[in-house]
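Peer 1: Right, I'll just put the structure down here and ask away after.
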């Protein structure tokens, strides 16, 4: 299955729309814009991606220490830079996320 596509009609969701789905806090189900199927995120795939996405948090202190000592920069700059890199890393890993069909539309 392709990432960020509807399993029913293969409609590819652009990153901006996918980001809205990814950051949604309440309902995990949503309707496909193209075929009106009810979709949800594939939790089994997400459980595999979550540790990969958040692995860099484990090495934060090492990164900040190295960057601060090597480039003689304040630690807040190092933490800010690491935060930006972490966000980019998480979004790139979650590009491999996929949707799952919960019910087919009744035409």
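The values are calculated or read from the model by the stated rules, or taken from the named source; none is laboratory data. All values derive from a computational prediction rather than experimental measurement. Positions of Cβ are backbone-derived with ideal geometry, glycine not excepted, and every protein chain shown enters the neighbour counts.
Peer 1: Which residue, of 45, 61, is at pLDDT below 80 and either touching a strand residue (DSSP E or B) at 6+ places or on another chain (Cβ under 9 Å) or surrounded by 15 or more Cβ atoms within 10 Å (Cβ to Cβ) (or both)?
Peer 2: 45
Peer 1: Just a yes or no: is a residue in the range 22-31 out of contact with any strand residue (DSSP E or B) (no Cβ under 7 Å at 6 or more places or on another chain) and assigned to a helix (DSSP H, G or I)?
Peer 2: Yes, the range 22-31 has at least one match.
Peer 1: Looking only at residues that are surrounded by 15 or more Cβ atoms within 10 Å (Cβ to Cβ) and under 15 Å from residue 93 (Cα atoms) in the range 4-42, which one is nearest to the chain's Cα centre (by Cα)?
Peer 2: 22
Peer 1: Taking residue 102 as the residue in question, decide whether it is in contact with a strand residue (DSSP E or B) (Cβ under 6 Å, 6 or more places away or on another chain), part of a loop (DSSP other than H, G, I, E, B) and on the phi < 0 side of the Ramachandran plot.
Peer 2: In short, no.
Peer 1: Next question. With the condition kept exactly as written, say whether any residue in the range 73-85 is closer than 19 Å to residue 95 by Cα, surrounded by 11 or more Cβ atoms within 10 Å (Cβ to Cβ) and touching a strand residue (DSSP E or B) at 6+ places or on another chain (Cβ under 6 Å).
Peer 2: Among the residues of the range 73-85, not one is closer than 19 Å to residue 95 by Cα, surrounded by 11 or more Cβ atoms within 10 Å (Cβ to Cβ) and touching a strand residue (DSSP E or B) at 6+ places or on another chain (Cβ under 6 Å), which makes the answer no.
Peer 1: Report, ordered by the first and then the second residue, all pairs with beta carbons closer than 8 Å, sequence separation of six or more or different chains, a first member in the range 66-89 that is farther than 12 Å from residue 56 by Cα, and a second member that is exposed (fewer than 11 other Cβ atoms within 10 Å of the Cβ) and modelled with pLDDT of 80 or more.
Peer 2: Matching pairs, first to second residue: 68/74.
Peer 1: When the residues of the range 86-99 are narrowed to those that are surrounded by 11 or more Cβ atoms within 10 Å (Cβ to Cβ) and in a helix (DSSP H, G or I), which ends up modelled with the lowest pLDDT?
Peer 2: Checked the range 86-99; the qualifying residue modelled with the lowest pLDDT is 94.
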